[in-house]
Structures are given as structure tokens and as C-alpha cells.
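One structure below.
The values are calculated or read from the model by the stated rules, or taken from the named source; none is laboratory data. If you're wondering where the values come from, they're calculated on a predicted model, not measured in any experiment. Every residue, glycine among them, receives a Cβ derived from its backbone with ideal geometry; neighbour counts consider all protein chains shown.
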Amino acid sequence: MDGIGGNRLRGHLEGMVLSVLADAEAHGYEVLQRLEAAGEGALRLKEGTLYPVLYRLEAEGLVKGRWEDSRNGRRGPRRRLYRLTAKGKRELGRVRTDWTRFVRVVGGILEAGT
Amino acid sequence: MNTADVDHLVLRLAVERIVRPVRGSVWRKNGMREELLGHLLEASDTLGAAGEVDAEAEAVRRLGDPAVVRASLQASVPWHEALGHLRLPFVGRFEWMLEGKPGDRPWRFAARLAWLALVGCVGIEVVICGLRQSVSAVMGLGALPWATLGPVVVVSTAALFVAMFLSGYGFARIGGPRLVARRSATPAWVKALLHVGLIAGMLFFFFALQELVPVTRGKMPWAKLFEGAGAGMAMLLFPVILTLGLWPALAHERRQYLKWGHLEVDE
């Protein structure tokens, strides 16, 4: 079975990012790892497209980013940590409700003939 | 340029290829650079630990098509910010006039600009005076006082030379001509302001010269001349003032250039 990626993820990535940020704040790479872990290896994400999504969510006030205070002995540049805002939590609730309804309706239609 | 001593060159070049063409503020783009490089470093570490032979190349491949990522990043930049950093072909063509060519010394940059202004002003003046003279002949006003124009043109050119030398010297102090990245980082509105200031300054001088045209021999309108020349000087000093005003931002840019801008990439 093919992986899920590209156009099939379009429009859902924002909600998925909000969802993985619901538990705790995370930097970009960690968000990706959480998505891959939750996707059970079926997700085919182009990693670079994650950051524009984070920037858009931040611009809309759904997540808030901050540069981490210290590198803790880690090499490389600073990391930017993202956490869900109150507005983001409300949006996540709305996305989940919409998705549940979508699955119920479309799933009902698709499974009717089986 | 020597890039052999740059750590993780493959990763940095990949980041630079994506981010450099994005139209946005230098601060926003540097944030993007830090995040993408951090991501690639972590990804290559993970892949290397998993036994991947060329972990850095694989990490870059997984990032996706640079053009697609760049377009997505561009879409995340607010429209007003992107508009401010739009590349204007007309302005870009004349950038060297205000920013100098790489390796230019301030005096050479100022001398070239003053020479162009001198030739331009005299050329325009000759055309205008020629036209006026033909009208004057019809109206019976007599010949124009050409001799009075000479000193004013010389003083104007010298003033332009001083203004441009100071501006060029200011840029050179912060590494101006060496800042290759600065060309793409300087907002279009700043470039447009600099050019408008320069052109307006030259026009003010030009109008000051025009005050001399209808003068009768032996009487100079000094007050009007100084008024016009003063306004012209103020406008010519505009690039200098803007350079000084933007000094902190340009100094910040230089620090960023030392970190990022010296990488040569195909955009």
C-alpha cells in the first residue's frame, strides 16, 4: 500500500501539526518525529514543507514560537520551540470535530456498498 | 570565495539555495536559515546513527524539492514584507550607482558618479538652454549668460562628489562593497528612496541652474541660487543620512553575512 503524502495530505497538515503540539511544545524536527511516529510509517512528508506550515500557524496566532534558551551541549544553531496557544487549542477542537463528521459521512457512503 | 572551512557545507548550501531567493526581511530569512540548518543537522545525525552512508545528502533529499520548499516559505511571508523586498529590475540595474561595484574604493565610486552627473547635467543644460535660446531669439531676449553656469556646475559636481564619497565611505566601513548578500537583503524601498534622493538632488541642482538662465549680464540672483542649491545639497546628502540611520541594521547584516552570505549558491 502506498504511503500517504503530497496532495492527500493537503489541507490536513495544519491540523495534524496542531494535534502533535497539543501535548507539549516541540521544535520542528521533533514535530516531524511525532508525526512520523503517529503515522505508523505511512506518512510521506517532504520535511521542508513543515516549516511554512509552522510559520503560517504562528502568523494566525494558533501556535507561539520562541528560540530555546540554551543548546545544552548540542551542536548547531538555536532551535525554535512551538507551543499551542489558547486559540490553537480551540482550532484543534474544531478541526477534530470537522474530521470526525467527515469520516462519519464519507466513511458511511464508501462502506455502504461493501 | 573560500568555503572549504565552512562546517557542514552541503547542508548550509542546501539551506542557502532555498532561503536566499525568498523575498523577506533579513531577520525572517535568518530565522528560516537557523531552523532549516538545525533540522538538517538533526536529521543527518539520526540517519548517520542508523547507518546511512551519506547522511547529509540523504537529509537534504528528504527536505524536498528546493523550489517547492522555497515557494512554501515565500507564501508564509506577509505580503507587505514581500512587496518591500521585491526585486525591481530598474532599480537593480542602477544599484552600482549608489552601492558601488564589488572592490570599489569610495573615492573611485564617488568620482564615477560625479563624472556621470557632470556630463548628464551639462548635457541636459545645453539642450534646455539651446531650446530656450531659440525661443529667446524669437522673443528678442538676447543671448544667455553661459559663463555664469560654469562655476555652479563645478561646485555642484564637487558637492556631489563629497556626498557620494561620505556615503561610499560609510558603506565601506561596514564592509559595503564586500557584502554580496546585502544586495539581495536591502529592501527595495530603501533602494528606491536612495535613488529618488539622488535623482531629486540632481534635479534641484538643475533647477538652481535654471535660475541663472534668464539673468541679465552683471546681476546674479544669489538668494534664489543659494535656495535651490541648498535644497539640492540636502537631497544629495539624503543617501549619507540614510546610511547613518541604517547603520545598526547594516552592521547586523554584516554579522549575518559572515555567517551565511559568503556562500556562493546558484539561485
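Quick notes on this one:
- Counted residues, the stretch B:53-66 - those being within 11 Å of chain A (Cβ to nearest Cβ) and small (Gly, Ala, Ser): 2
- Residue check, residue A:63 in contact with a Phe, Trp or Tyr (Cβ under 7 Å, 6 or more places away or on another chain), free of Cβ contacts under 8 Å to residues at least 60 places away in the same chain and either within 19 Å of residue B:69 (Cβ to Cβ) or crowded, with 16+ Cβ neighbours inside 10 Å (or both): yes
- The helices (runs of 4 or more DSSP H) found entirely in the stretch A:4-114 that carry 1 or more residues being over 24 Å from residue B:64 (Cβ atoms) and more than 14 Å from chain B (Cβ to nearest Cβ) are A:86-112.
- Only listed residue being at pLDDT 65 or above and under 30 Å from residue A:60 (Cα atoms), chosen from B:67, B:163: B:67
- The stretch B:39-88, residues that are under 16 Å from residue A:55 (Cα atoms), outside any loop (DSSP other than H, G, I, E, B) and touching a Pro at 6+ places or on another chain (Cβ under 7 Å): B:70, B:72, B:73, B:75
- Checklist (1) loosely packed, with under 15 Cβ neighbours inside 10 Å; (2) at pLDDT 90 or above; (3) of a type outside the set (Gly, Ala, Ser) applied to residue A:27, failing item: (1)
- Residue in the stretch B:41-52 that is at the interface with chain A (Cβ under 9 Å from one of its Cβ atoms), touching a residue at least 24 places away in the same chain (Cβ under 8 Å) and within 17 Å of residue A:77 (Cα to Cα) present: yes
- If you go through the stretch B:18-40 and keep only what is touching a residue at least 60 places away in the same chain (Cβ under 8 Å) and aliphatic (A, V, I, L, M), you end up with just B:26.
A quick yes/no check of all residues on (1) farther than 18 Å from residue A:46 by Cβ; (2) out of contact with any Lys or Arg (no Cβ under 9 Å at 6 or more places or on another chain); (3) aromatic (Phe, Trp, Tyr):
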{"residue": "B:19", "(1), (2), (3)": "no, no, no"}
{"residue": "B:22", "(1), (2), (3)": "no, no, no"}
{"residue": "B:29", "(1), (2), (3)": "yes, no, no"}
{"residue": "B:36", "(1), (2), (3)": "no, yes, no"}
{"residue": "B:43", "(1), (2), (3)": "no, no, no"}
{"residue": "B:47", "(1), (2), (3)": "no, no, no"}
{"residue": "B:51", "(1), (2), (3)": "yes, yes, no"}
{"residue": "B:57", "(1), (2), (3)": "no, yes, no"}
{"residue": "B:62", "(1), (2), (3)": "no, no, no"}
